[in-house]
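A quick write-up on the structure given underneath.
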Amino acid sequence: MSSWFLERIHMLAFGAFSQKYVGPLKSGMNVVYGKNETGKTTVATFVSSVLFGWPRTSVNQNDYKPLDGQRAGTLYFESADGEEAHLARNRTSTEVQGDTWLLDDIDKETFATIFSLTSDELRSLANTSDITAKLLTAGAGTASSPAHALRSVQKRIDEYTSKSSAHEHSLVLLRAQQKEVRAHIAQAAEEANRLKHKDKEFHDLAEERDDVRCRLSDLQIELSELTACKVSLEHALEDKDRSQRRIADLRQKEEGVARERAYSQVDKDPLVGLTEQQDRSLRDMIARFEEEKKRHDRAVDLAENDYANSLAAYDASHERVDEREAAQHARRVRGVQIALSVFFPLLFIGAGIPLFIHGRTISSMSFTALGAGLVLFSLILALAALVMLFRSGGQPITREDAQESSEWVLRKDKKKLEVLTHKRQAFLDKIKAELDSAGLERAAGSLFEARALLDQARELRAQRDRFELEAQSLVSRRTEYEKRLAEATQDLQALCEEHELDPLQPTISAEVTFQRKEQQRESLQTLSQNLDRRYGELKQELFAVQDQMELADLKLKNEQLTTRINESTEALARLLLAKRMLEGAIAAWDETSQPEVYRRASELFELMTDGAWTKISLAQDGRLQVTNALKLTREPKELSLGTCQQMYLALRIALLMTAENVGAALPVLADDILVNFDNTRRVGAAKALMELARVRQVILFTCHEEVLDALRLTGCELNELTL
């Protein structure tokens, strides 16, 4: 697939359209669908008009001029790398504007012959079998077929070598006549022996004139070749200069990218070399460390809180307490204990005895058991109060006991705090060691800093990838321009070797050579004029002194025959040269392109006809022939209109697929070329067009939904647009 394709069409003013956009188009198959009179043919004509000129105004041709008569528009192109280019034609300019290098590999005739496919052209094949001539015409990019031209040249050559009296310019007849005339001249010359010296000079002048004329003809050919060489040199030098500028610009951009990368931290941060898996592992490790650190911090915080409470209790136990207040407090506590040990047992006994008596009276086991239980509970309660009263012995807690107890708790909490603090510090040391071993020494054990370093490294990796991608793109483009530069340099070298020019200054050398040969031609022209003048003088002198008019008539006739022979010889030489060039061109095409074209055309023809026809080839006499699945061979004139059109369409598609270096950036325009096919062959033809779309951009215009359905049935990617 070409790297450039037509992305959008803008018809500023063309036909009935004004400010009309068609697109976006893609690099493969594009279908522009619309009903009749929606402007499909107008769009196709607009594309070719912007490329190669507006249609001329004529009686039988639409020039697509809007009401104000001013046509204008732009074609926008895009490359696979996202680069953009455009070609425009405005209201006043007769030349295409914009990126005209897109048209360097194609001309108007080639585009019209190869890239423009219409139903009218296919229908014109109804009564012709000269498809080989059309194919060669398309391949040559000329208006007439090389095969036709070769036959025409051969016919004219036969006329110059014929013995028939119907051809007055036949060299055979002219030489025979001249031979006869010269025989008569020789006989008459014997009678004019005294004039033989001047007659000899006269004939020598004739030969010298012929030699000078031949040299002038050769010089004219050389000057024509040098003129063509100067044009080729100009194009090659322009290509070379443009490529060198592009290469220098791309190198500068590469250096800019390299400097920007050098100034950045991309290649300085060791963490940039981490893989995604290593980055995720480090982040997971940091997350685990953060959770574990939180647990250690919480434990230490709790221990510090306990230690602070213990320290406060310890400090409180060392405060001075009034002994008398302590004794009074102890007596009050003892009095309350005695009152409670007497009050509650008497209360339960007072409630239990009546319940017991009442239960016995009414014979209720529940009341009896409840009363007995209350009495028993009161006795147990009184006994317990007495035991506690006498066990305490009435001795109060001393300040020394309280200080000892608080000191023991303080030591325990302090020890716990020290242990937890040590564990946390050990864990922090472990974190630092792990981070250092992972290449995160700059974090200094900080998990937050470690995560920040990883984030920074991730950003640097992304920046590195951008640098590398941009550098690769620039290198790829520079390589392409270096290839173009090498091709231009090779062309220059070939031109210099062919015309023996100075490779260091080819343009100046070509101009100097041209001027030198121009001077030689002027000198030869002067010499020729002098010879002609002398020749005329001798002729007049000889004619004036001759006694017999027969000799003058014979010599005049001989000169006339010589002139006619020279003219016929020059014409025959040109015809032979043309024949050799045509034979060479056809032979070169036969040896290189023809086998591949017919092989691909056969495959496409078989695909279009669903296997009914399997091969397209040339017979020994140069005529086109096709072979069906039964191995039967037919000529195109024996095919139906639809099959003949399918065969020619297969040949055109095959030629487009093999002509890789022609019109690489331009689309193939097909205007309703599948309407005369049945459903099965329409699908086959659609598949053939999809094969073409793999290597070239195709834009198919149609108003038939069945054509759109056939393209969809191919299953290939399809860009559909509606007018």
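Each value in this text was obtained by applying a stated rule to the coordinates, not by laboratory testing. What you are looking at is a predicted structure, and each value in this text was computed from that prediction instead of being measured. Virtual Cβ from ideal backbone geometry, glycine too; neighbours counted across all protein chains shown.
Rounded to the nearest 0.05, what FRET efficiency is calculated for Q403 and T361 with R0 set to 51 Å and r the Cβ-Cβ distance? It comes out at approximately 0.25.
Placing unit charges on the Cβ atoms only, positive for Lys and Arg and negative for Asp and Glu, gives the range 35-109 a dipole magnitude near 660 debye about its Cα centre.
At 1.567 mPa s and 4 °C, plugging the Kirkwood radius over alpha-carbon pairs of the range 502-542 into Stokes-Einstein gives what diffusion coefficient in µm²/s? Show your work: numbers first, answer last.
On the way: Rh = 12.3 Å.
Translational D for this selection: 105 µm²/s.
So which trypsin sites (Lys or Arg not before Pro) in the range 1-83 end up in coil per DSSP with only 15 or fewer other C-beta atoms within 10 Å? Provide the component values of the computation, followed by the final result.
Details: sites: R8, K20, K26, K35, K40, R56, R71; in loops: K26, K35, R56, R71.
Here the trypsin sites (Lys or Arg not before Pro) that fit, given the DSSP loop and packing criteria, are K35, R56.
Residues of the range 14-57 with an amide N closer than 15 Å to a point placed 7 Å from the Cα of K65 along the Cα-to-Cβ direction: 14-16, 54-57. Could you tell me which residue out of Q265, I247, A287 lies farthest along the dipole of the range 199-322 toward its positive end? Charges go on the beta carbon: Lys and Arg +1, Asp and Glu -1, centred on the Cα centre. With unit charges placed on the Cβ atoms, the residue in question is A287. Bridging of K430 to aspartates and glutamates at a Cα separation below 19 Å is possible for D284, E290, E291, E292, D297, E418, E441, E449, once same-chain residues fewer than 8 apart are set aside. Measuring max minus min along each principal axis, the C-alpha atoms of the range 400-465 give extents of 76, 17, 11 Å (largest first). For the range 599-723, the dipole from Cβ point charges (+1 on Lys and Arg, -1 on Asp and Glu) about the Cα centre works out to 500 debye, to the nearest 20. Computed log10 I(q)/I(0) for the range 592-690 at 0.10, 0.16, 0.20 Å⁻¹: -0.26, -0.66, -1.01, from the Debye equation with unit scatterers placed on every C-alpha and solvent omitted. Under 19 Å Cα to Cα from K414, which lysines show up? Leave out anything in the same chain fewer than 8 places away. Hits, sequence-local ones excluded: K423. Summary of packing: across the peptides 434-445, 475-486, 691-702, the per-residue average of other C-beta atoms within 10 Å ranks them, highest first, as 691-702, 434-445, 475-486.
Once Rg and the Kirkwood radius are both taken over the C-alpha atoms of the range 610-663, their ratio Rg/Rh works out to 1.02.
Listed cross-link partners K200/K557; K483/K517; K108/K517; K26/K687; K40/K65; K517/K557 are compared with a 25 Å cut-off, the Cα-Cα value being larger for K483/K517; K108/K517; K517/K557.
Pairwise Cα separations in the range 1-43 fall into 5 Å bins from 0 onward with the following percentages, short to long: 6, 19, 26, 25, 15, 7, 3.
What length, rounded to one decimal in nm, is gained on full extension from K163 through to A433, with 0.36 nm per residue of separation minus their alpha-carbon distance? All intermediate terms of the calculation are to be shown ahead of the outcome.
On the way: separation 270, 0.36 × 270 = 97.20 nm, distance 11.07 nm.
Length difference between fully extended and current span is 86.1 nm.
Taking 0.36 nm per residue of sequence separation and removing the Cα-Cα distance, the D315/A262 pair yields an extension gain of 12.5 nm. Taking the Cα centre of the range 652-723 as reference, the dipole from Cβ charges on Lys and Arg (+1) and Asp and Glu (-1) amounts to some 260 debye.
Each label point was placed 7 Å from the Cα along the Cα-to-Cβ direction; for Q220 and L469 their separation is 6.4 nm.
Starting with the highest mean, order 215-228, 409-422 by the number of other Cβ atoms within 10 Å, averaged over the residues of each peptide.
On the way: 215-228: 14.1, 409-422: 15.6.
Ranked from most to least packed, the peptides come out as 409-422, 215-228.
Look at where the Cα atoms of the range 599-647 and of the range 667-723 average out, and the two centres are 21 Å apart.
Ranking V475, A488, Q463 by how far each Cα lies toward the positive end of the dipole of the range 445-527 (charges on Cβ) leaves Q463 at the top.
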